[in-house]
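Remarks on the structure that follows.
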Amino acid sequence: GGMAAAGAARRGPWGSARRLGLVAYRKYSSSGSSYPNIPLTTPLPGVPKPLFATVDTQQGFETKVTTLENGLQVASQNKFGQFCTVGILINSGSRYEAKYIGGISHFLEKLAFSSTAQFGSKDEILLTLEKHGGICDCQASRDTTMYAVSAEVKGLDTVVGLLADVVLQPRLSDEEIEMTRMAVRFELEDLNMRPDPEPLLTEMIHAAAYRDNTVGLNRFCLPEDIEKIDREVLHSYLRNYYTPDRMVLAAVGVEHDRLVDCAKKYLLGTEPVWGSVAVKDVDKSVAQYTGGMLKVKQNKNRLYLLLRHIPDAVWLCPGLGYLSR
């Protein structure tokens, strides 16, 4: 026992290091002239060979795409696990609202996952998802609207059926639309009161760069247009833009064939609540850069809050426009 301890003391902490090749690393990593000049293409002697993580096959993680008879695309990537994320993405957003009252996509985002033909309220939808450990979300950008659910894989059939109902069969009741008007008003007031001006600056940059066209159209509903948006206006927009050929059912964490079966069951031949009349007026405009200048006056009370985030009261957007007080 004493001899072993003495041997360990003589070896010191580098005894185990030699077994790991650390001494070789120490020796050959130095730039001194007394060490061999080993090129980077040659493994260092005495250093253990690195072990890299490998995947047995890439086939299981490929993105697969299938187009149904009605033009709807189904895309999936099979990441093995207990949960999956499924969404319906639509070529819809504020860039397509030139011939409509601005703010329709903003309204639809707020109305998402409200009552439908199958569910009497948003609470019923949330309770249904809760049984499968699910959550839901809707986001509308300038050119894409996404309805998404994350839930257990075993609840895929329920999730796709729910998404189809939310997208194609919303009730859009008078009460829900009125609540949405209140929510939009509150959001607009909140945007104007925020110390951080970034959301409004982003809108103004787009408005200055693409004046009165496509991505330059306001993503938020203007206060004067809130009362103008009702069920009839929403249906007129949905009729043209919520069509199967403009939709993709996408999922991560599911088998592709199973997803295609669910898509055929719930999204093929389904009659939307606004009817399936022929599309009349789809905006196919290409974004036209105009450039320009956009000014907005801010009151002095808010200016102090803004100066805490931006050191000057003037923001320059090169080639696009600027804000000034």
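Could you work out what % of the accessible surface of region 196-254 is carbon and sulfur, using a 1.4 angstrom probe and leaving DNA, RNA and ligands out of the count?
On the way: 1310 of 2470 Å².
C and S atoms contribute 53 percent here.
What the phi angles of region 85-92 give under the Karplus curve with 6.51, -1.76 and 1.60, with θ = phi - 60°, is a coupling list of 10, 10, x, 10, 10, 10, 6, 8 Hz, glycine and proline written as x.
Could you report region 126-184's accessible area per residue, 1.4 Å probe, as an integer in Å²? List each step's numbers first, then the result.
Numbers: 2540 Å² over 59 residues.
Averaged over the residues of region 126-184, the accessible area is 43 Å².
Other residues with beta-carbon under 15 Å from the beta-carbon of Leu129 carry, at +1 per Lys or Arg and -1 per Asp or Glu, a net charge of -4.
Pull out the extension gain between Lys265 and Leu127, defined as 0.36 nm times the separation in residues minus the alpha carbon to alpha carbon distance; nm, one decimal. Before the final figure, lay out the partial values.
Numbers: separation 138, 0.36 × 138 = 49.68 nm, distance 2.26 nm.
Difference between extended and current length: 47.4 nm.
Ordered by packing density, taken as the mean number of other Cβ atoms within 10 Å over each peptide's residues, highest first, how do 258-264, 182-188, 169-175 rank? Walk me through the intermediate numbers first.
Details: 258-264: 19.1, 182-188: 14.7, 169-175: 16.4.
The packing order, highest mean first, is 258-264, 169-175, 182-188.
Quick check on region 122-197: take the gyration tensor over C-alpha atoms, sort the square-rooted eigenvalues as a ≥ b ≥ c, and tell me if it's rounded (a/c under 1.5), prolate or oblate. Prolate shape, in that a/c is at least 1.5 and a/b is the bigger ratio.
What does the C-alpha gyration tensor say about the overall shape of region 102-261? Classify as rounded when a/c is under 1.5, otherwise prolate if a/b is larger than b/c, or oblate. All intermediate terms of the calculation are to be shown ahead of the outcome.
Numbers: a/c = 1.83, a/b = 1.62, b/c = 1.13.
Verdict is prolate for region 102-261.
Near Tyr210, the amide H atoms lying under 5 Å from its own belong to Thr290, Gly291; only residues 5 or more places off or on other chains count, and H is placed 1.01 Å from N. Converting phi to 3J(HN,Hα) with the Karplus coefficients 6.51, -1.76 and 1.60 and the offset θ = phi - 60°, region 202-216 yields 4, 4, 6, 4, 5, 5, 6, 6, 10, 4, 6, 8, 6, 6, x Hz in sequence order, with x at every glycine or proline.
The values are calculated or read from the model by the stated rules, or taken from the named source; none is laboratory data. Note that the structure is a prediction, hence the values are computed from the model and not measured. All Cβ positions, even for glycine, are placed from backbone atoms using ideal geometry, and neighbour counts span all protein chains on display. Areas reflect the complete protein model, heavy atoms only, side chains present, ligands, DNA and RNA absent. Shrake-Rupley method; radii C 1.70, N 1.55, O 1.52, S 1.80 Å.
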